[in-house]
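Trainee: My questions all concern the structure below.
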Amino acid sequence: MRSRQRMFAAVMRLLLKCLRLGRRRRFKLVRQVEQLWHYGHFCLRSLLYNSFTNGDVVLDSLFEPVYWLVDHVTRWFGVVFVALVIGLTSSIVAIVYICLLPLILQTYTPAWICWHLAYGHWNLIMIVFHYYMAITTSPGHPPQAKNDLTGVSICRKCIAPKPARTHHCSICNRCVLKMDHHCPWLNNCVGHYNHRYFFSFCLFMTMGCIYCSISGWEMFRDAYAAIERMKLLEKERLQVAANQTYYQTPPPTFSFRQRAFHKSVVYLWVLCSSVALALGALTLWHAALITRGETSIERHINRKERQRLQKKGKVSIAHGMGAGWSRARLDAALRVLQVFRNPYSYGSWDNWKVFLGVDVPRHWLTRVLLPSPHLPHGTGLSWDLPPCVTEQRAPLLAI
């Protein structure tokens, strides 16, 4: 009896010892996994840590494969996009001349005929001229040789001097003077020498699409109703054929010319309205940038600079200055703070004059309302005060 009790006690002690050993091993394994996790996290942070890293940098890094794909696809499909623009525009012009112009000449009054002929051809000439100049004019590139350019940095990809407002285009693989963006619809960069052509093309194309949409609204309604009648009559004709009632007279059908006319009018109105909305929004966006004296890239850079200065507390109250402030308080605040201001902005009106190249009042006619191949102010290498600017304001820059 005692031997059995001793044996049972020994077995129990052995079992408890095994449980304690397994628990220790389990705790030891958990501690090892936790130590490996902390060590790996530390190594990852030591490799990737950067004091300048924020959410935008992480987002740009995640989108880097998308940027690479867009750069390479856009480089090869630029010619296709240009052909698409020319083809769609040519189809609209052909419909206007073949379908709408004879109808206008037959039904409109002489005054309205003169208006449509004058405005329509002027708008078409402006569209063709500015698009041709935008795709054939080089945006401008800085010289590759080391020269006496002042205030430049070095492009990390070209390993060449990079003047102010110059940026590297990954699609063209070159630096572009006053680069705004690379436009696949032009198969060209928008820069210093063709920025005006690009904006004028967008403006006059939008005006032309709005003109076609408004002028062809009534024709579009009639054509759409006619197409619906075509579908209804075609359905009735098929029903008659299915019932084999040969003694009944089949409903009249529209001719091929009538079908083509109505469908062309619907195609014209839908395409022009869609382009007017999309391209009109882009034109308004670029008009706002021109008013501020910025390009698309510079807007992003200036916004980042304002955010950086706001975090440092240098421009935290710059936007609220003036309302209810005394002159002495405002002067004292301006001594303490450096208000960020775009150094290439000369005021809204002067920014438009510089962009359009208007030096004298008659240039509004000869250079804006008529086709003009005049060059922009400056060479894109330095940014001196243009002669058309009425007054020079010393910008307050945050450095």
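The values are calculated or read from the model by the stated rules, or taken from the named source; none is laboratory data. Since we're looking at a predicted model, the values are computed, not measured. Here the Cβ is made from the backbone with ideal geometry for all residues, glycine too, and neighbour counts use every protein chain on show. Side chains included, ligands, DNA and RNA excluded: accessible areas come from the protein's heavy atoms. Shrake-Rupley method; radii C 1.70, N 1.55, O 1.52, S 1.80 Å.
Trainee: Using modelled backbone amide H atoms (1.01 Å from N, in-plane), which distant-in-sequence or interchain residues come within less than 5 Å of Cys175's amide H?
Mentor: Amide H neighbours of Cys175: Cys169.
Trainee: So who's got an amide H within less than 5 Å of the one on Lys162, skipping anything under 5 residues away but keeping other chains? H placed 1.01 Å off N, in plane.
Mentor: Amide H neighbours of Lys162: Ser153, Ile154, Cys155.
Trainee: Something else now. Through the Karplus equation 6.51 cos²θ - 1.76 cosθ + 1.60, θ set to phi - 60°, convert the phi angles of the stretch 301-311 into ³J(HN,Hα) values in whole Hz; use x for Gly and Pro.
Mentor: 5, 5, 5, 4, 5, 5, 5, 5, 6, 5, 5
Trainee: Regarding the stretch 111-221, what is the average projected area of its C-alpha convex hull, in nm²?
Mentor: The directionally averaged projection comes out at 9.1 nm².
Trainee: Which sequence of Lys231, Lys178 reflects their accessible areas, 1.4 Å probe, from the largest down?
Mentor: Ranking Lys231, Lys178 by accessible area, largest first, yields Lys231, Lys178.
Trainee: ³J(HN,Hα) across the stretch 126-141 via Karplus (A = 6.51, B = -1.76, C = 1.60, θ = phi - 60°), whole Hz, x for Gly/Pro?
Mentor: Karplus-based 3J(HN,Hα) across the stretch 126-141 equals 5, 5, 5, 5, 6, 5, 4, 5, 5, 8, 9, 8, 5, x, x, 10 Hz.
Trainee: For a quick check: with amide H placed at 1.01 Å from N, whose amide H comes under 5 Å from His181's, ignoring anything fewer than 5 positions away on the same chain?
Mentor: Excluding prolines and chain starts, which carry no amide H, the hits are Val190.
Trainee: Another one. Which of the three applies to the stretch 338-391, rounded, prolate or oblate, going by the alpha-carbon gyration tensor with a ≥ b ≥ c and a/c under 1.5 meaning rounded?
Mentor: Note, shape of the stretch 338-391 comes out prolate.
Trainee: Continuing with this model, one more query. Set Lys and Arg Cβ to +1 and Asp and Glu Cβ to -1, take the dipole of the stretch 164-236 about its Cα centre, and tell me which of Tyr197, Leu232, Asn173 lies farthest positive.
Mentor: Selected residue: Asn173.
Trainee: Projected onto the charge dipole of the stretch 78-237 (+1 at Lys/Arg Cβ, -1 at Asp/Glu Cβ, origin at the Cα centre), which of Trp112, Pro163, Val85 gives the Cα projection farthest towards the positive end?
Mentor: So the residue we want is Pro163.
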